[in-house]
Amino acid sequence: MANSPKQDNLIGESNAFLSILDHVSQVAPLDKPVLIIGERGTGKELIAKRLHFLSSRWEQPYITLNCAALNENLLESELFGHESGAFTGAAKRHEGRFERAHKGSLFLDELANTSGLIQEKLLRVIEYGEFERVGGSRSVRTDVRLICATNEDLPALAERGEFRADLLDRLAFDVITLPPLRERVEDILLLAEHFAINMARQLHMSMFPGFTSKAQQTLLSYPWPGNVRELKNVVERSVYRHNNDALPVHQIILDPFDSPWRPEQRVKTQDRVSPTSPLSVPVAAPESPEVPATNGKTALPLDFKETVQGFEVDLLKQALEESQFNQKRTAEMLGLSYHQLRGILKKYDLL
């Protein structure tokens with residue numbers, strides 16, 4: 001008997017999320033291909049698993065494969081298997097994922113990364129329920145429910161001839177498009193608390209003390225480009241760094257690379273850079289800040305560090321005021337990245 005799915009990310013109460021669960025429940029019982037579309041980190045794998053365990057095949061094998069993880073030859077062998085001697089190193093017959101998923105479900109992630117050859121063989125399996133192993137000539141029958149996922153626009157790829165339109169037609173019996181986390185604002189704190197409690201248990205904390213209102217606002221206002229996966233990492237990191245079950249978590253660490261000492265560019269030694277390489281072109285040094293001067297010259301002696309810091313603080317305050325304290329706009333005005341600006345603001349205690 002197959003194990004029950006671990007659905008620890010399928011949590012939410014927003015209308016967008018609940019409508020997806022309804023959609024999954026409706027299509028799960030059908031022995032038809034399903035295509036799952038969504039940004040990275042939205043939970044495509046969890047939805048695929050839910051489709052399997054809500055179907056009549058739930059006691060049968062559930063096999064998965066990331067199509068982007070293998071080159072064409074290895075992917076073909078992994079999907080369809082190979083005969084002994086089919087290629088160098090093929091000492092014995094190998095059963096592919098389609099054979100191992102017989103009577104069950106096969107989930108193929110990153111489908112857009114497959115080649116024309118793989119797409120052609122997938123189409124044959126869907127249409128006729130049979131395939132040939134690599135190096136073989138005998139057809140192998142299989143009964144598999146195919147579930148595929150991608151974060152790309154497959155119809156657009158098909159229009160450009162980069163994906164088989166006939167395969168897309170067969171795969172898209174129904175399409176489940178997952179909403180990004182920024183469209184599920186009602187679920188953010190619910191998910192965050194769930195991840196935080198689990199992390200507190202791993203740290204052997206007696207309890208999770210919750211988030212401060214400032215921390216909650218940070219979680220709610222961030223756009224979450226990495227979606228639920230990014231939220232999980234951020235929350236676990238913040239709880240781990242806090243590691244205090246007496247006080248609520250007050251600092252949300254969105255970027256673990258955020259530091260005033262973060263290298264701003266890639267550095268290569270001269271012996272590894274070609275003389276004609278663009279990297280060997282000298283970069284102009286930034287202009288020196290203006291400091292008190294007498295007769296056109298800087299008044300010396302002075303405290304160099306204090307003078308430069310004073311100039312930087314004044315410049316930061318001016319830019320913040322002109323941008324109405326919008327930090328992203330401030331960073332653009334100063335030619336900095338958002339994370340660089342945040343590091344400098346922290347350095348001068350201007351946050």
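Among CYS67, CYS148, rank each residue by its count of other Cβ atoms within 10 Å, from fewest to most, as a rough exposure measure. Please list the in-between numbers first.
On the way: CYS67 22, CYS148 26.
Listing CYS67, CYS148 from fewest to most nearby Cβ atoms yields CYS67, CYS148.
Listing THR218, THR114 from the residue with the fewest other Cβ atoms within 10 Å to the one with the most, what is the order?
Working: THR218 18, THR114 25.
Going from least to most buried by this count: THR218, THR114.
What is the extension gain from ASP31 to ARG241, computed as 0.36 nm multiplied by their sequence separation minus the C-alpha to C-alpha distance, in nm to one decimal? Mind dumping the intermediate values first?
Numbers: separation 210, 0.36 × 210 = 75.60 nm, distance 4.67 nm.
That works out to 70.9 nm of additional length.
Once you have the Cα-Cα distance between TYR128 and GLN318, take 0.36 nm times their residue separation minus that, and quote the gain in nm to one decimal. Write down the numbers at each step before the final one.
Working: separation 190, 0.36 × 190 = 68.40 nm, distance 6.90 nm.
Full extension of this stretch gives 61.5 nm more.
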Specify the residue with the greatest mean-square fluctuation among VAL140, VAL228, VAL313, computed from a Gaussian network of the chain linking alpha-carbon atoms under 10 Å apart. VAL313
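Would you mind classifying the range 304-351 by shape? Square roots of the alpha carbon gyration tensor eigenvalues, ordered a ≥ b ≥ c; an a/c under 1.5 is rounded, otherwise it is prolate if a/b is larger than b/c and oblate if not. Intermediate results must be reported in sequence, preceding the final value.
Details: a/c = 1.89, a/b = 1.54, b/c = 1.22.
Prolate is the answer for the range 304-351, as a/c is 1.5 or above and a/b outweighs b/c.
Give me the number: length gained by fully extending LYS214 to LEU157, i.e. 0.36 nm times residue separation minus the C-alpha to C-alpha distance, one decimal in nm.
Numbers: separation 57, 0.36 × 57 = 20.52 nm, distance 4.31 nm.
Length gained, LYS214 through LEU157: 16.2 nm.
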So for the range 28-107, using the alpha carbon gyration tensor with a ≥ b ≥ c as root eigenvalues (a/c under 1.5 gives rounded; past that, a/b versus b/c decides prolate or oblate), I'd call it oblate
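Arrange the following residues from fewest to most other Cβ atoms within 10 Å of their Cβ: LYS232, LYS328.
Listing LYS232, LYS328 from fewest to most nearby Cβ atoms yields LYS328, LYS232.
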Extent along principal axes [Cα atoms of the range 184-242; Å; largest to smallest]: 31, 22, 18
With 10 Å bins from zero, work out the P(r) of the range 1-151 over every alpha carbon pair and list the percent per bin. 11, 39, 33, 14, 3, 0
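Using the beta-carbon distance between ARG93 and TRP261 and R0 = 51 Å, what value does 1/(1 + (r/R0)^6) give for FRET efficiency, to the nearest 0.05?
On the way: r = 56 Å, r/R0 = 1.09.
The pair ARG93/TRP261 has a calculated efficiency of 0.35.
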Express the relative contact order of the range 304-351 as a whole percentage, based on alpha carbon pairs under 8 Å and six or more residues apart in sequence. 24
With springs only between Cα atoms under 10 Å, which of ASP255, ASP314, ASP187 fluctuates most in a Gaussian network model of the chain? ASP314
Of LYS44/LYS232; LYS49/LYS232; LYS44/LYS214, pairs whose Cα-Cα distance is over 25 Å: LYS44/LYS214
What percent antiparallel are the DSSP beta bridges of the chain, to the nearest 5? 25
Just grab the label-to-label distance for ARG100 and GLN202, each label 7 Å out from Cα along the Cβ direction, in nm (one decimal). 2.6
Check: the chain dipole with +1 on Lys, Arg Cβ and -1 on Asp, Glu Cβ, in debye: 820
Could you list the square roots of 5 times each eigenvalue of the Cα gyration tensor of the chain, that is, the equivalent ellipsoid semi-axes, sorted largest first and rounded to whole Å? 51, 29, 19
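Coordinate-derived values only; no laboratory data. Just so we're clear, the structure is a prediction, and the values are computed from it rather than from any experiment. Glycine also receives a Cβ, built like all others from the backbone with ideal geometry; neighbour counts cover every protein chain displayed.
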